[in-house]
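What follows is a set of notes on a single structure, which appears directly below.
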Amino acid sequence: MDRHQQMTIFDAVATEQGLAAASRTLGVSEATVSRSLAALEKRLGTRLLARSTRGVTLTESGRLFASDCARLLRAADEADASANGLHVEPRGLLTLVTPLLFGDQLLIPAILDYLDAWPGIELSVVYQDRFPHLHEEGVDVAVLVGALPDAYMVARKVGTVRQMVCASPAYLERHGAPSTPSDVAAHSLVLCSASHRLLEWRFQREGSLRSVALKPNLRCTTQVGVIGAAINGAGLASCLGYEIHAHLLAGRLRVVLEGFEPDPVPVHLVYREGRRASARVRSFVDFAVERMRQHPVLQH
């Protein structure tokens, strides 16, 4: 079995995260996949996969080799297409997951322009704040607002977004604006019960982080509900910049405690490196990143 075939099989195993799934994708037997992996590990002199009763996971060496495999196999495909005078045009269905407000404010305009540019693409947009398991859920691209949990994720950084505390002008006129994080305890608070920001807010001063415990007066199951309540004078709310950008411009909300904001939150587009999806995934990621970086709410 030649190196290219071994790399192709390993790439499928890494992408599908399983021998059986890889064999179905490639149309070969699971025994062929297993033999190829054993020969590859023997040739390289290192373990690429950790096997258990629950399946296989990549070792550290396997993660690095998987990234190299995907890059080299994609380059080989592009070289073949170039030699044959073919123009590889993105086609097919692309599945995208994004938080609701991020998608609504930043991503949908880029998506519509992308569809105009590439009529052979169909896009399925799933709105959810939970970051998906890309392979298990069949997701091609996902927006991640927050730090990358895995350094080996294939991702493009879009920028960073501010974490802010805000309230309506009417509320601040009645109750005054807090001048320090300690003042938050004397105010009415609106929190999202589905958010990690539920129990505490973090503030920063001169490089030192401080957490403030919260006793909310109102809890909403969505951040959309939180923002709506804050606009109507319910109290202080913690929001990300893109969530309230339009409301700040319109004067419906005002930011408080600006001098105590924690570091901005990174925003990435995370995507699968699979060769079968590379044309449409990479074209979308390149297009969307360039467009979103032009939005004033994202810092660089």
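The values are calculated or read from the model by the stated rules, or taken from the named source; none is laboratory data. The shown structure was predicted, so the numbers you read here are calculated from the model rather than taken from an experiment. With ideal geometry, Cβ positions are generated from the backbone for all residues, glycine too; neighbour counts draw on all protein chains shown. Note: areas computed on protein heavy atoms with side chains; ligands, DNA, RNA excluded. Shrake-Rupley method; radii C 1.70, N 1.55, O 1.52, S 1.80 Å.
Contact annotation: residue pairs with Cβ atoms under 8 Å, 6 or more positions apart or on different chains, pairing a residue in the range 226-251 that is at positive phi with a partner that is assigned to a helix (DSSP H, G or I) and of a type outside the set (Ser, Thr, Tyr), are GLY233/ALA170; GLY233/ARG174; GLY235/ALA229; GLY251/PRO169.
I need the full set of residues from the range 177-192 which are over 13 Å from PHE203 (Cβ atoms) and surrounded by 15 or more Cβ atoms within 10 Å (Cβ to Cβ), in order please.
Going residue by residue through the range 177-192, those that are over 13 Å from PHE203 (Cβ atoms) are 177, 186-192.
Passing the criteria: ALA177, HIS187, SER188, LEU189, VAL190, LEU191, CYS192.
Selection of the range 118-147 for residues being surrounded by 12 or more Cβ atoms within 10 Å (Cβ to Cβ) and over 15 Å from THR98 (Cα atoms) yields TRP118, ILE121, GLU122, HIS135. Might you let me know whether the range 229-236 holds any residue that is surrounded by 16 or more Cβ atoms within 10 Å (Cβ to Cβ) and of a type in the set (Val, Ile, Thr)? Yes; the residues of the range 229-236 include at least one that is surrounded by 16 or more Cβ atoms within 10 Å (Cβ to Cβ) and of a type in the set (Val, Ile, Thr). Scanning the range 70-91 for residues that are under 23 Å from the mean Cα position of the chain (by Cα), open to solvent by less than 30 Å² (accessible area, probe 1.4 Å) and modelled with pLDDT of 75 or more turns up just one, ALA70.
Take VAL267 and tell me if it is β-branched (Val, Ile, Thr) and either crowded, with 18+ Cβ neighbours inside 10 Å or free of Cβ contacts under 8 Å to residues at least 60 places away in the same chain (or both). Yes, satisfied. Selection of the range 201-218 for residues being buried (at least 16 other Cβ atoms within 10 Å of the Cβ) and of a type in the set (D, E, K, R) yields only ARG202.
GLU200 satisfies every condition listed in (1) touching a Cys at 6+ places or on another chain (Cβ under 9 Å); (2) under 19 Å from PRO264 (Cα atoms) except (1).
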